[in-house]
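Participant: So that we are looking at the same thing, I have put the structure below in structure tokens.
The values are calculated or read from the model by the stated rules, or taken from the named source; none is laboratory data. Quick caveat, the model's predicted, so the values are computed rather than measured. No Cβ is skipped: glycine too gets one built from the backbone with ideal geometry, and neighbour counts run over all protein chains shown.
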């Protein structure tokens with residue numbers, strides 16, 4: 001199956017996905033993420049150079065009102081961190097206004 005989507009990851013999140021410790025990637029449920037479908041593949045490139053990448057298959061897509069709701073529904077092992085650290089990290093990238101506008105999506109993945 002061809003790669004249909006490309007996204008970037010911080011080094012820590014990249015390594016957690018690569019090791020299998022993290023099996024859910026959370027994002028805003030914006031137009032780009034609304035195009036995702038179970039069974040499709042995503043290539044994640046490691047920031048900052050974007051020279052290293054890994055490929056995953058989407059195994060689930062679950063939407064939530066906000067990141068707190070998503071975390072409550074997903075065990076910390078699949079997200080790779082504690083709730084406090086998780087919320088701190090996502091709010092470095094996304095504003096509360098964006099979160100309220102789009103909602104969020106938990107992208108369940110497995111390495112290909």
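Residue-by-condition table, conditions (1) in contact with a helix residue (DSSP H, G or I) (Cβ under 7 Å, 6 or more places away or on another chain); (2) within 14 Å of residue 109 (Cβ to Cβ):
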site	(1), (2)
3	no, yes
17	no, yes
35	no, no
47	yes, no
60	no, yes
71	yes, no
74	no, yes
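Participant: When only residues in segment 79-98 that are part of a helix (DSSP H, G or I) and touching a strand residue (DSSP E or B) at 6+ places or on another chain (Cβ under 7 Å) count, which is farthest from residue 15 (Cα to Cα)?
Facilitator: Ranking the qualifying residues of segment 79-98, first place goes to 98.
Participant: Does at least one position in segment 23-30 carry a residue that is in contact (Cβ under 8 Å) with a residue 12 or more places away in the chain, farther than 11 Å from residue 109 by Cα and either out of contact with any strand residue (DSSP E or B) (no Cβ under 8 Å at 6 or more places or on another chain) or in a helix (DSSP H, G or I) (or both)?
Facilitator: yes
Participant: Go through 97, 84 for me and flag whichever is exposed (fewer than 12 other Cβ atoms within 10 Å of the Cβ) and farther than 20 Å from residue 32 by Cβ.
Facilitator: 84
Participant: Tell me, yes or no, whether segment 60-73 has at least one residue that is assigned to a loop (DSSP other than H, G, I, E, B) and within 27 Å of residue 3 (Cβ to Cβ).
Facilitator: Looking for residues that are assigned to a loop (DSSP other than H, G, I, E, B) and within 27 Å of residue 3 (Cβ to Cβ), one finds none in segment 60-73, hence no.
Participant: Under 7 Å between Cβ atoms, which residue pairs at least 6 apart in sequence (or on different chains) link something in segment 80-91 that is in contact (Cβ under 8 Å) with a residue 24 or more places away in the chain and at positive phi with a partner that is crowded, with 16+ Cβ neighbours inside 10 Å and outside any helix (DSSP H, G or I)?
Facilitator: Going by the 7 Å Cβ cut-off, the qualifying pairs are 80/22.
Participant: Related question: Is it the case, given these coordinates, that residue 55 is buried (at least 16 other Cβ atoms within 10 Å of the Cβ) and either free of Cβ contacts under 8 Å to residues at least 12 places away in the same chain or part of a strand (DSSP E or B) (or both)?
Facilitator: Criteria not met by residue 55.
Participant: Also, I was wondering about something else. So residue 41 passes all but one of these: (1) under 23 Å from residue 83 (Cα atoms); (2) modelled with pLDDT of 95 or more. Which condition number does it fail?
Facilitator: With respect to (1) under 23 Å from residue 83 (Cα atoms); (2) modelled with pLDDT of 95 or more, residue 41 is out only on (1).
Participant: Regarding residue 17, is this residue surrounded by 13 or more Cβ atoms within 10 Å (Cβ to Cβ), under 12 Å from residue 54 (Cα atoms) and in contact with a strand residue (DSSP E or B) (Cβ under 6 Å, 6 or more places away or on another chain)?
Facilitator: no
Participant: Can you tell me which residue in segment 20-40 is farthest from the chain's Cα centre (by Cα), limited to those that are over 21 Å from residue 99 (Cβ atoms) and surrounded by fewer than 16 Cβ atoms within 10 Å (Cβ to Cβ)?
Facilitator: Applying the filter and picking the extreme gives 39.
Participant: Taking residue 83, is it farther than 20 Å from residue 5 by Cβ and more than 11 Å from the chain's Cα centre (by Cα)?
Facilitator: In short, yes.
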